[in-house]
Amino acid sequence: MRYPAPLQNLIDHLSKLPTVGPKTAERFAFFLLRQNPAFVNSLAQSLLQLQSNLSLCQHCYTITSASPCHICSDTKRLQNILCVVADTKDLIAIENSGQFKGRYHVLNGTISALNSPSSHNLTIKQLLLRLKHESIDELIIALNPDLEGETTALYLAKLLADSHVRLTRLARGLPAGASLDYADPMTLAHALNFRRNMT
């Protein structure tokens, strides 16, 4: 037996969200059903505005409400250093560290090891155009150290092998407060390979 159409329709839509199965979608739907109408209306307005009021910055391709975004518009940022990230979430994470003062380029995804780069809607061509027309001295590749991130980083390194731009990667290794006996072999390998002098 199915729920009444409006409720079932909501459950079906919610179950399409990442990591949300039918049971979780059902719980979300019943939670919303019990809420104040003002909350539900506010949520509905937020969802409607999500796509109508947001777009990609035409310079760095991050999600923004105005193009160029506030980072690209900031003349105080270092203009010669570009940090390449997979998506806007990664950009925000780096910004929240307060340590990076350059500019960004958002790929809006990574390359799957099983598919060719041309099968993706990534902004790699736009990145190459930026490097051609802007005075970039250093390109920081800040991608996740997973299979897709590594594949994308290697592809970018190959594309830019003959470039005048200095290519760097984020350091990898043991996180602060970590115990060696809990670290996985790949993390330990990276920690050893990217070790630093103590003096």
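May I ask you to list the residues in the stretch 14-29 that are free of Cβ contacts under 8 Å to residues at least 12 places away in the same chain and assigned to a helix (DSSP H, G or I)?
Of everything in the stretch 14-29, those that are free of Cβ contacts under 8 Å to residues at least 12 places away in the same chain and assigned to a helix (DSSP H, G or I) turn out to be Pro22, Lys23, Thr24, Arg27.
Would you mind finding the one in Thr110, Thr88, Thr62, Thr123 that is touching a residue at least 40 places away in the same chain (Cβ under 8 Å), more than 18 Å from Thr168 (Cα to Cα) and out of contact with any Cys (no Cβ under 6 Å at 6 or more places or on another chain)?
After applying the criteria, what remains is Thr123.
Which numbered condition trips up Leu143, out of (1) of a type outside the set (Val, Ile, Thr); (2) touching a residue at least 12 places away in the same chain (Cβ under 8 Å); (3) part of a helix (DSSP H, G or I)?
Every condition holds for Leu143 apart from (3).
When Asn96 is evaluated against the numbered criteria (1) in a loop (DSSP other than H, G, I, E, B); (2) without any contact (Cβ under 8 Å) to a residue 12 or more places away in the chain; (3) of a type in the set (S, T, N, Q), which criterion, by number, is the only one it fails?
It fails just one condition, (1).
Each row is one residue, and each column tells you yes or no for (1) of a type outside the set (Ser, Thr, Tyr); (2) at positive phi; (3) in contact (Cβ under 8 Å) with a residue 24 or more places away in the chain.
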| position | (1), (2), (3) |
| --- | --- |
| His133 | yes, no, no |
| Ile136 | yes, no, yes |
| Gly149 | yes, no, yes |
| Ala171 | yes, no, no |
| Ser179 | no, no, no |
| Ala189 | yes, no, no |
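When the residues of the stretch 105-122 are filtered to those that are farther than 14 Å from Tyr155 by Cα and surrounded by 11 or more Cβ atoms within 10 Å (Cβ to Cβ), which remaining residue is modelled with the lowest pLDDT?
It comes out as Asn108.
Would you confirm, using the coordinates I've provided, whether Leu154 is modelled with pLDDT of 95 or more and of a type in the set (A, V, I, L, M)?
Taking the combined requirement at face value, the residue does not satisfy it.
Of Asn41, Asn36, Asn96, which residue is assigned by TED's automatic domain parsing to the domain that holds Leu154 and exposed (fewer than 13 other Cβ atoms within 10 Å of the Cβ)?
Asn96
Look at Ile111 and say whether it is in contact with an Asp or Glu (Cβ under 7 Å, 6 or more places away or on another chain) and in the same structural domain as Asp87 (by TED's automatic domain parsing).
Yes.
Of the residues Leu91, Leu50, which is assigned to a helix (DSSP H, G or I), touching a strand residue (DSSP E or B) at 6+ places or on another chain (Cβ under 6 Å) and either assigned by TED's automatic domain parsing to the domain that holds Ser163 or surrounded by fewer than 11 Cβ atoms within 10 Å (Cβ to Cβ) (or both)?
Answer to the selection: Leu91.
The values are calculated or read from the model by the stated rules, or taken from the named source; none is laboratory data. No experiment lies behind these values; they were computed from the predicted model shown. We place every Cβ from the backbone using ideal geometry, glycine too, and count neighbours over all the protein chains shown.
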